[in-house]
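Notes follow once the structure below has been shown.
The values are calculated or read from the model by the stated rules, or taken from the named source; none is laboratory data. Computed from a predicted model, the values in this text were never measured in an experiment. Here the Cβ positions follow ideal geometry from the backbone for every residue, glycine too, while neighbour counts run over all protein chains shown. The area values use the complete protein model at the heavy-atom level, side chains included, leaving out ligands, DNA and RNA. Shrake-Rupley method; radii C 1.70, N 1.55, O 1.52, S 1.80 Å.
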Amino acid sequence: MQPALLQRGGSRLQGAYCCPLQPSAARHCRTSRPWLAYTQRSSSKPAQHITAVSRDSSAPGYDASDNADITPAADASTAAVGSSSSSSSSSGSSSSSSSSNGQVTRLAYASLSAVALGCAVFAGKALAAEQRSHTLPQPPTVHTVTTTTTSSSSSSRYVASQPLQLPFASVSQQQQVPEAAVAAQPAVPLRQRHCAAPAAHSRHSSVNDELHYRVRQLFAAPAVGKLLAVAAVALPIIAVGGLAYRKAVGDPDCSWQEALGRTYCVLNNCPGSTVESERGLAADVVLHLVYLAGLFTFAVVLGIVTDDISTQVDKVRCGNYPVVERSHTVLLNWNHQTLPVLKQMALAHAESGGVLFSGPVVVLADRDRMDMQEEILEEMEGSGLQVITRCGNPAKPSEQKRASAAAAETVVLMWPGGLPPAEASVQQAAVLAALKTAGGVVGQKVVVQSAGEDAAQFDAVKMAVDLARSSAHTHQVASLATAGNDRMHQIMAQVVNQPGLEDVFADLLEYEDRTGEELGAELYMEACPAHLQGKPYQQVWRSYREATVVGWVSADDSLHLNPTDSEVVAPGSQLVFVAGVADAAVHMLETPYAVGPVKLRGRRGSHLPPQHITMLCFDAASAEGALRSVMEFSSRGSVITLVCENPDVEALQAVKRRGIKLHIVEGSPSSRAVLAGKAARLGQARAVMLCGLDAKEKAAADMQVVGSVLQLQSLASQQRSRKQPLAIIASLNSSTTEDVLWHTSLSYHAELQADAARAAEQRNEAKLRKHKGKRKEPKLEDAAAAAAAVQPPVSLHLLRPDELMSGMLTQTACAPQLATVFSELFAQETGHEIYLRDPRRSYGITYNKRTRWADLVELARKRGETLIGFVWQNRAADVAKESGRSGSNGGLGAAGQLLGSQAQVHLAVHADTEVELREGDKLVVLALE
């Protein structure tokens, strides 16, 4: 329907309604009716008129109530209707009463239907508007308006002049309108300048869009506001429904209270309310309409409550609110060892029966909280340790409060991953300074993970540690180098000189999941009992049956490891144990146990023999550190061959020690031609060490190890002069890769044995053919014996660096003074180390004879060494026989099932245990070489 301009007066023109209005009313209509265009006559004619643009009633968003204040003029049709209704109203009283009730009932039906339909329409349009909001908006229409003032007193007209350049309008939109086109426009008087473009204003702020906006704002309001809005919708339904119900019943005894109560119960589906057995069809229909409207309101209320509850649950799960805990553990920063440390803490918690890490563990790192939570849940599924994550910068005191770091019993400061060493050390110094500023509980333990022992490189951390140590009454601070490659190189260097020591390190440094099996042993510290303070060390270590005392740390932090029996334990000292449980004091004896007379035999001073070691380094940058560690732990007379691509020969030659030969081979350690050449000296090597894989991704590093093992296995099998398997020392990141390597070694060895048995059978057949018809029978070979005589070409000695380093860090978190013990065992060249001793050669022990463990300990003490355990070799068949389970591995793990030669480590043995040692078994001792 086209809009029409209205002249003065209240006459009705084609499809448009007009009425004279006062200025105040006109202003009201202008603000509340965006589609109304107003005209203002000149000042000489005070009469004011309003022009209404008619809208099709079927158009979207049209509401007849918006034109309620516009009074249409009476025409012939309305007059006819009026005369008809007046004539009908003059009829009899009986017909007027029934007609009135029917009209009221129909009015109620229409009202309820309109309310329900309106709710559905509003919800649908709100959803449609929400979908349209995700599309790109169309560029707004920019109008070019030209204005000027003429001397005519009767009207104001648009005259071509300079156009008003609107901001953000395109060039085509700002083109000047020709004067002829402007002159053709009808005269539209303006009241104010800001009303120059009413069409654009109406398009951008229509009632429909405003309604959708209000609905969205309503659903973004709090739950109370939403429920009040629903109640505001429900109250008119109850009122109209009660009115319709009371009229539909037609019973004068039906009160308003009864009608409204009945409508309320049906609307909200109250218990006991039904819509059956009503007094008439009209009342039945009214209640059904109320019930249908109630379905909508109930669904809205249910959705609001459900959404708010879900939102609150998500806030709790994803929220970063402060943690209110005490005596808990806090981990600051995140790196690749965070998850292994958490797993070690969970194992320690389970192994100690909840004594260790009894409170929750809070992880505070500058990472997304949900990412941390997902990784922790994936790696620690089923663990009994409670882990809480928070996102924040650990260097800020306000963020540390979020983790309650000041109230924590233990704070572990991880090395920040992904930062250069200088920036990482500065960040740790800032974290420690903030931690000291916050104070802390008395005796709070703080463990700092560093990446190396070089004081010049990590002086910032050492300064912060010294700062924290200055307030020793508040913090117990320790620094442990487990983040870099130095500590792992030291461990691998000891294993390459003593193959088999990796099992001892794994048992001593890691908390292991040994459900239903014998518990492993770890290092612990406890205060020396009062009655043992000031006593000789011999009396102290004999006071413990199930734990092995290896030394003590005095009150001035000086370490006494493997002391002599005559040394006196100073008051206030902390004893260092190797024990299978956290609380070693429960096994303390009131009086030391007795030891029978023992006679020491064997050679004194069992130094390590010289070794021929081949190092395959896959990263030239880490070659110097790996070579330095191997040099420190190798004996005089050893020969070391380093195969590396593009090595720094001058830097490597500077690491060389006196009495040890060094050969540097420049070439790829993955090349078969390089390894098979004489320069690599693989035929003379006793052990091969794979290093320099830390620069690779974990998966790529494991694949490189698998490829190198297969290549070395093939080369070693071709060396006929080799008398013992080639020991391969490598580090792995995945237990799956470890199982693959064990299976590969087993199958390759089985193929070699099958070839040997087949060759023996072929030789037997040849002998039988040669001696056919002769009286003397030939001497045949035993195929089974030939197969058993084939030794495996290689022996695998695999280490898991993340588990070893995280185990050390976890034990240090329990007792910070253990950091000095680990530094003594692994970092110092002339310090105490762990050795594997031959029982007969070192102590003169008779094989295949049961001996009391306390007597063996006494033999080691006569040598000035501390016996902490023993290692059984090749006992898979014996364990299966003793347990009565044929074919069982007896708890040896995957490697024991595959090869049957995995070592069994027993540490912290009970003093009264009878031990039978055989050839090939080793004793584990702590000694000063």
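The table that follows gives values for the structure above.
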item	result
Rough spin-label spacing in nm, given labels placed 7 Å along Cα→Cβ, for residue 315 and residue 724	6.8
Under 5 Å, built H, 5+ apart or other chain: amide partners of residue 921	873
Most to least accessible of 850, 918 (protein chains only, probe 1.4 Å)	850, 918
Cα shape, segment 216-316, gyration tensor, a/c 1.5 rule	prolate
Radius of gyration, Dmax [segment 258-339; alpha carbons; angstrom]	25.4, 78
Options 676, 707, 635, ranked by Cα towards positive dipole end of segment 599-732, top entry (Cβ charges)	635
Leading residue at positive end of dipole, segment 216-316 (Cβ point charges), from 299, 312, 286	312
Surrounding net charge for residue 434, when Lys and Arg each add one and Asp and Glu each subtract one, Cβ distance under 13 Å	+3
Residue 556 accessible area, assembled protein chains, probe 1.4 Å, Å²	110
Where trypsin sites (Lys or Arg not before Pro) fall in DSSP loop in segment 764-849, at most 11 other Cβ within 10 Å	772, 774, 775, 776, 779, 849
Å² per residue, accessible surface of segment 216-316 at 1.4 Å	58
Nearest-0.05 FRET efficiency for residue 777 and residue 423, computed from C-beta distance (R0 60 Å)	0.15
Where 297, 311 fall by accessible area, highest first, once all protein chains stay in place (1.4 Å)	311, 297
Sum of side-chain charges, residue 794 neighbourhood, beta-carbon under 12 Å (Lys, Arg +1; Asp, Glu -1)	+2
Convex hull volume per residue in cubic angstrom - Cα atoms of segment 706-859	218
Surface share of carbon and sulfur [accessible, 1.4 angstrom probe, percent] for segment 319-483	53
Once the Cα gyration tensor of segment 319-483 is diagonalised, semi-axes √(5λ) in Å	23, 18, 16
Full-stretch length increase - residue 599, residue 785 - with 0.36 nm per residue and alpha-carbon distance subtracted	62.9 nm
